Every structure is written in C-alpha cells, then in structure tokens.
Amino acid sequence: MTAFRVSSSRVSAARVALAGGIALSSVVLLSGTAFAHVSVQPEGEAAKGGYATVNIKVPNERDNASTVKVEVNFPLDHPLASVMPQPVPGWKAEVTRSKLSKPLELHGKTINEAVSKVTWTADGSKIGPGQFQQFPLSLGRLPEDTDQLVLKAIQTYDNKEVVRWIEEQKEGAEEPQNPAPVLKLSAASADHHGAAATPTGGASAAPSASASADGKAGHEDKTASHKETAADASDTTARILGVLGILVGVAGVAFGVLAGRRRAL
C-alpha cells in the first residue's frame, strides 16, 4: 500500500509539473509573438501632405541567430520623392530609386522617379537575441490620397533565414502571421505645406516655417516620443511581471501537492 501511495504521489507531481510547463510555454510563446513584429512608428505626427520622421523598429525574434540585414519597401502607387535614412552606427544604408509610370508633381517640379526601397546591412553590428534596433527615416512629402502606407519589410538572419513581413491586414480578419508594417497618416493640417521640411540635402524640401513654430514642433515631437517610450517600457514590465507571477503560482501548486502527499504517507 505504501509503495502504491509513493508511486501515485510521483505520478501526481509529474502531472503538476507537466501542466506548469505547458502553461509557461504558452505564456512565453504568446509574449514572443507580441514583441516579434517589425513595425513603423512616427515621431510625432505623420500628416497627409506633410513631412515626417519615422522609426523602423526591428526586434530579433530568434534565440540562436542575429539579424544582419533589413529591407523596407515603399509603395510606388503612393510615391515618396524624399526618403532619407539617418546614419545608424554599425549599419550601412542603401537607398534604391525606381522610375515612376506616372510622374509626380512637387513644388513645381516634375519627379520621374521615387524611392522604392531602403536596405540596411550590418557593418560591424548585429541585432542579437533579445534585442531590437530602430532605423530612423525622414519621409516626404506624404500622400494625400490614402490613409496609410504599407511598408513591406524583409528581415535576414546570420544563419541565412529570411522572414518576410509582407502580409497585409484584411478588414475584419485576424492579424496575419507576418504582418507588414503600416504607417497611419493623420488628416492634413491647414498649413502642412510649410509645417515641416526635409533635412538639408533631401530630394525635395517644403518652405520653412517660422523659427518659433519649428521649435514648438520639435518640442512636441520629443514629448510624443518620450511618452511612447514610457508606454513601451510599462507594457514590457507588465508582461514580465505576469510571466513571473505564473511561474510562482505553478511552483506553489507543485510544492503544495508534494507536501500533501508526504503528509499522507
């Protein structure tokens, strides 16, 4: 009888451990999925007809490989005459331009080609497991005939694996497995033609606004960016605490079961 009780205790403990492992695996899997998407995030406002600075956020979703190449494609049906990457230490940026089937009129000039792709290649740096990297871009002028820009991305790892973030979200459907980054555009402001300009050296530039307006816009952009960073940090902390809570709960249940079995013996 004693041997039967001991055997039963071991089986029950094994079942508890298995259930805990399944629960933990599910939490980790869901958390990884939530953080794995390549995304595009504006600094401040991305208004139709204006200019904006955005960050291409690239998390590394592999535990045994590092990201060494990122490619972001721009739609030519809503062309952007100016796409300028900000230098990122350890990465080489290459801008690819393509000829337009329909010329673009901008500031009284006819634009026959537009940026179709920006590629970042590791040059002394990588995005390692558990890390992410942001790649800033200056975009303009943003189109006025659409509410969003779909920027399809391709992520390459040093083990030759390629992940294509190119699936577009369909209305009413679940989020696809590899969703394409989407830049949401806000409504055009009355003075968007002079509200912001591309940095010196861009393919095009809007007329400058007053110095005071520029300073205010810069302050608002930094404030929005700081709020976004704080929100990301808060969300990450909440997820980590949730996982730790589940681990503690599972350990407590297992300990309680084993303790009860020993008392019974």
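List every residue whose amide H lies under 5 Å from the amide H of Ala46, counting only residues 5 or more places away in sequence or on a different chain, with H placed 1.01 Å from N in the peptide plane.
For Ala46, the qualifying residues are Ser186.
Lysine pairs, Cα distance under 23 Å, 8 or more residues apart or cross-chain: how many in the stretch 39-145?
Value for the stretch 39-145: 19.
Which of the GluC sites (Glu not before Pro) found in the stretch 101-187 are loop residues per DSSP with 14 or fewer other Cβ atoms within 10 Å of their Cβ?
Counting only loop positions with at most 14 other Cβ atoms within 10 Å, the GluC sites (Glu not before Pro) in the stretch 101-187 are Glu144, Glu161, Glu168, Glu171, Glu174.
If packing is taken as the average number of other Cβ atoms within 10 Å across a peptide's residues, how do 81-88, 177-184 rank, most packed first?
Highest to lowest by the protection proxy: 81-88, 177-184.
Every number here is computed from the coordinates shown, using simple stated rules; none is lab data. Just so it is clear, the model here is predicted, and its values are computed rather than measured. All Cβ positions, glycine included, derive from the backbone under ideal geometry; neighbour counts span all protein chains shown.
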